[in-house]
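Since the structure comes first, as structure tokens, the remarks are kept for the end.
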Amino acid sequence: VTAPAATQDLRASVRSLAEKSLAGLSPVLAQEVSSIVAGLSDTLRLAVAGRTNAGKSTIVNALLHERAAATDRLSCTKFVAWYRFGETNYAEFRLRSGAVREIAGLPQGLLPAGIEEPEVSDLHVWLPSAALGQKTIIDTPGFDDHDADIERRTNELFQARTVDAVLFVLNEIPRADEVAALTSFRSDLADSGGTAINTIAVLTKADQLGDDPWTAAQALADRHAGRLASMASSVVPVLGLLAEAAAAERLSGGDAHYLAMLADLPEDAFWSGDALITAPSDVPPDARTRLLDLVGLYGIRFLVGEVRAGRRGARELTRSMAEHSGLNGLESALEEQIAQRADILQAHTALKTLLALTYRISDGPDRRAMSELREGAYRLMRDRRLHLLAEVAAYEACARGEVELPEELLADLRALATGRTLAERVGLPPDAGREAATSAVLAKGGTWNGFANNATARSVREIAMTVQDGYALLLGALNEGGN
Ligand SMILES: Nc1nc2c(ncn2[C@@H]2O[C@H](COP(=O)(O)OP(=O)(O)OP(=O)(O)O)[C@@H](O)[C@H]2O)c(=O)[nH]1
Ligand SMILES: [Mg+2]
């Protein structure tokens, strides 16, 4: 028995619905619908957003395994930058005038000659990064940039509804302006009745939290999880600078050599950047400055510790950094929570966008085609695959401790929301037969029915209803032929 998601691409159904409407539409609207369809053929669009200087571009580079985006201590990312898969490095500056300036290679934060920053609409970059096989990564300017023109660009990106998922980059306890920005982005996004299924909060610069960043970051992440409960499906701590240095292989043989020499210094040489630069050593000062820029003071302390533990050479130290940075955790959260759900997330974005369009155009010559489109969109919204969004949201609420379920029922909900096959979704081995799956659904349906009847808290009853609907859809799928 296999999961229904494997049988047909929901995006394809949305695409054919939208394409069918094109013939009956006036040119301007047809254009708008076509661009929504085009979004469905694109890979999933993941925007990296947050405050200015939060470390967004550093995270983008870590995910790309390439230092493609410029980073700086000062406000740095001036326009929205789209990173897509391409065989060679290539970029396009799209100008507000409609003109396009192409460049070979990566822009590295530089503008083509003769172009001023305000003329640029956005930047599109193609590079051969494995991370881009399944998704488009969008780097954004800080939502709080002091330049209102720059700040507006990020807002416009979300308002255009061309984003399917978000990595929200934070450094500490989310501030009021961060919560407000994320709430506003999310209201523009296609979220499932307020669920956070398509948002991951990244707690970066964790190295600045203290001597033991992982313990501090984990504690903070747990605290964030409560505060961000309705806005992010998880909070992932990362040492962004180490992640970028490791993933983009920035540490050279020379750096590794100098680190080995620095390892002979006494502890007080690592207390501050100044102490490190002035400590008596044969390592040239500019090599020390380079290391500080590359991995920061914490990173140097970490790498010196690794050297003292016997790890040597750029390759081995890079491996240590990669493991210690938390990049793996971020990549697997992205894979499990976002990339594997690309079909439903993108289909859902497009359906929401189409519905909004049909409500905007409720009279005039396009009225008829629009109301047909609306009907079709609602029909697809009821597709059982999209119900998964509600099931995942319910499970996440329980996992975060917002709603308490008896252990056995929590296990049912976890299986329903995360199982890959119909059988797995009712707690059976993935290849269990249709009959076994059917009796399991019926038995579990009975248990949940009894539970729902006795539940007094509204939040618990809502979860029970979601699970019961999920089981009803599952039963339907099993009856339809088991797939
Ligand atoms: N110590 C430390 N520094 C970091 C980390 N991540 C980024 N930085 C530094 O913080 C500064 C800002 O990083 P960026 O990645 O440019 O931040 P951004 O959010 O893209 O900033 P804007 O584009 O200006 O909005 C740079 O100097 C980075 O080197 C980290 O994990 N630890
Ligand atoms: Mg940036």
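The values are calculated or read from the model by the stated rules, or taken from the named source; none is laboratory data. A quick note: this is a predicted structure, and the numbers were derived from the prediction, not measured. Cβ sites come from the backbone with ideal geometry, for glycine too, and all protein chains shown count toward neighbours.
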* **Failed item, numbered, when Leu276 is tested on (1) more than 30 Å from Ala131 (Cα to Cα); (2) surrounded by fewer than 20 Cβ atoms within 10 Å (Cβ to Cβ)** => (2)
* Residue match in the range 217-230 (condition: under 19 Å from the mean Cα position of the chain (by Cα) and more than 16 Å from Glu172 (Cβ to Cβ)) -> yes
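Could you please find all residues in the range 157-185 being more than 16 Å from ligand 1 (Cβ to nearest atom) and either out of contact with any helix residue (DSSP H, G or I) (no Cβ under 7 Å at 6 or more places or on another chain) or polar (S, T, N, Q) (or both)?
Initial filter on the range 157-185 (more than 16 Å from ligand 1 (Cβ to nearest atom)): 159-165, 173, 176, 179-180, 183-184.
Passing the criteria: Gln159, Ala160, Thr162, Ala176, Val179, Ala180, Thr183, Ser184.
Would the range 138-149 turn up any residue that is closer than 14 Å to Tyr83 by Cα and either more than 14 Å from ligand 2 (Cβ to nearest atom) or of a type in the set (D, E, K, R) (or both)? Steps first, answer last, please.
Just the residues of the range 138-149 that are closer than 14 Å to Tyr83 by Cα, to begin with: 138-140.
Remaining after also requiring either more than 14 Å from ligand 2 (Cβ to nearest atom) or of a type in the set (D, E, K, R) (or both): 139.
The answer is yes; a qualifying residue exists.
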* Structure fact -> Those residues of the range 396-442 which are at pLDDT 85 or above, hydroxyl-bearing (Ser, Thr, Tyr) and touching a helix residue (DSSP H, G or I) at 6+ places or on another chain (Cβ under 9 Å) amount to Thr438
* To do: Please work out if Ile103 is modelled with pLDDT under 95, touching a strand residue (DSSP E or B) at 6+ places or on another chain (Cβ under 7 Å), more than 11 Å from ligand 2 (Cβ to nearest atom) and not in a loop (DSSP other than H, G, I, E, B).
  => yes
* **Residue within the range 78-88 that is more than 16 Å from ligand 1 (Cβ to nearest atom), farther than 17 Å from Leu167 by Cβ, assigned to a loop (DSSP other than H, G, I, E, B) and among the hydrophobic types (A, V, I, L, M, F, W, C) present** => no
* Scan the range 124-157 residue by residue and report those that are surrounded by fewer than 22 Cβ atoms within 10 Å (Cβ to Cβ) and among the aromatic types (Phe, Trp, Tyr). => Trp126
* Could you run through the range 240-259 and say how many residues are buried (at least 18 other Cβ atoms within 10 Å of the Cβ) and assigned to a helix (DSSP H, G or I)? => 12
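Would you please name the residue that is nearest to ligand 1 (Cβ to nearest atom), looking only at residues in the range 106-155 that are hydrophobic (A, V, I, L, M, F, W, C) and part of a loop (DSSP other than H, G, I, E, B)? Full working, then the answer.
We begin by selecting, within the range 106-155, every residue hydrophobic (A, V, I, L, M, F, W, C); these are 106, 110-111, 113, 115, 120, 123, 125-127, 130-132, 137-138, 143, 148, 150.
With part of a loop (DSSP other than H, G, I, E, B) added as a condition, the list becomes 106, 110-111, 113, 115, 143.
Values: Leu106: 15, Leu110: 15, Leu111: 15, Ala113: 23, Ile115: 19, Phe143: 9 Å.
The selected residue is Phe143.
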* Structure fact -> Picked from the range 18-62 (must be more than 25 Å from Tyr359 (Cα to Cα), in contact with a Lys or Arg (Cβ under 9 Å, 6 or more places away or on another chain) and in a helix (DSSP H, G or I)), the residue farthest from ligand 2 (Cβ to nearest atom) is Asn61
* Asked: When both residues are 6+ apart or on different chains and their Cβ atoms are under 6 Å apart, which pairs have a first residue that lies in the range 271-287 and is over 20 Å from Asp207 (Cβ atoms), and a second that is at pLDDT below 95 and hydroxyl-bearing (Ser, Thr, Tyr)?
  -> none
